[in-house]
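A quick write-up on the structure given underneath.
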Amino acid sequence: MQRKDFLKSCGILAFAPSVLPRSMAVLPEKKPENPQVTPCEEKEKFAQVWVKRFFNNFDKRLNESTRREIMYDCGKECFRSSLEGSKPNEVDIDVLIDKIDEYAVENAAARDGSVVDFRYVKNSRGLRFADGYCLCPLVESGPPGLSRTYCDCSVGYVKEMFESYTGRGAEVELVESLKRGGRGCRFRIVLAS
C-alpha cells in the first residue's frame, strides 16, 4: 500500500490541510486557475526569470574572461545550429559582404582592407532592429535587466559566421549593443590574411 492510500484509509488526508498548520499539511493547496494566462506564457515567464537569475550568478561567480569564452562558444554553436547540419560554401569576403547587404540592408557591412564593420539591421524573419527586434529572440522579448554579458554570445556568432564563410580566421569586437546601452549592434571584424 502506498503512503497516500494509507493516509486516505486513516482519514488523515481528509482533515489534514484544514486542521494542521500550513507547513505540516499533507497536500498542498490547489492554486486558483487563471484562464487568462496560457501554460506557454507561464513557461516563458519562468524561463525569463530563470535566465536573468542564471546570468546574475554567472556574472558574480566567474571572471570576465571565462564568461566571455563561454558566451563566445554559445554563439558559435548558435550559428552552427542555424545551418541545420550543412556546411557553408566558402566565399570571398566581398561576396559575403554583398550577401549581408542583400539580407539586411545596403551598407550593413563595409570593408576596409582586412577590417569589416558590420552592423545588425534585421533578423531572419525580416523584422528590423529599429522596430525593437533583435537577432536573438531572448534579447528581443527577454527579461528586463538581462546581463550585458549575454551580448558576448553575438561575438561568437559573428566570428563563426565570418570564419565559416571566408575560411579565414577572424577577431571580432563588439563595438556597440543594446544591452550595453547602445542604439544598435555593431561589430568590428579583423580577418586573418
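What are the residue pairs meeting all of these: first residue in segment 33-53, first residue of a type outside the set (S, T, N, Q), second residue modelled with pLDDT under 85 and in a loop (DSSP other than H, G, I, E, B), Cβ atoms under 6 Å, and 6 or more apart or on different chains?
Lys52/Pro143
Only one of these conditions is not met by Lys8: (1) at pLDDT 80 or above; (2) surrounded by 10 or more Cβ atoms within 10 Å (Cβ to Cβ); (3) farther than 20 Å from Gly145 by Cβ. Which number is it?
Every condition holds for Lys8 apart from (1).
Yes or no: segment 88-105 includes at least one residue that is closer than 15 Å to Cys185 by Cβ, surrounded by fewer than 12 Cβ atoms within 10 Å (Cβ to Cβ), modelled with pLDDT under 90 and not polar (S, T, N, Q).
So far as segment 88-105 goes, no, none of its residues is closer than 15 Å to Cys185 by Cβ, surrounded by fewer than 12 Cβ atoms within 10 Å (Cβ to Cβ), modelled with pLDDT under 90 and not polar (S, T, N, Q).
Any residue in segment 68-88 that is closer than 16 Å to Tyr150 by Cβ sitting within a Cβ distance under 7 Å of a residue that is among the β-branched types (Val, Ile, Thr) and modelled with pLDDT of 95 or more? List the pairs, counting only those 6 or more apart or interchain.
Tyr72/Val155; Gly75/Val155
For segment 98-108, name all the residues that are within 14 Å of Leu135 (Cβ to Cβ) and not in a loop (DSSP other than H, G, I, E, B).
Across segment 98-108, the qualifying residues are Ile100, Tyr103.
Restricting to segment 160-187, give me the number of residues that are in a strand (DSSP E or B) and closer than 19 Å to Glu69 by Cβ.
6
Report, ordered by the first and then the second residue, all pairs with beta carbons closer than 7 Å, sequence separation of six or more or different chains, a first member in segment 153-168 that is without any contact (Cβ under 8 Å) to a residue 40 or more places away in the chain, and a second member that is surrounded by fewer than 24 Cβ atoms within 10 Å (Cβ to Cβ).
As it stands, the answer is Glu163/Gly169; Glu163/Ala170, since those pairs meet every condition given.
Just checking, how many residues over segment 106-118 are under 20 Å from Leu174 (Cβ atoms) and at pLDDT 90 or above?
Qualifying residue count for the region: 9.
On the given criteria, is Arg80 touching a helix residue (DSSP H, G or I) at 6+ places or on another chain (Cβ under 9 Å), at pLDDT below 90 and closer than 30 Å to Leu174 by Cβ?
So Arg80 fails the test.
The values are calculated or read from the model by the stated rules, or taken from the named source; none is laboratory data. Computed from a prediction, not measured in an experiment: that's the story for all the values here. When we count neighbours, we look across all protein chains shown, and the Cβ atoms used for this are built from the backbone with ideal geometry, even at glycine.
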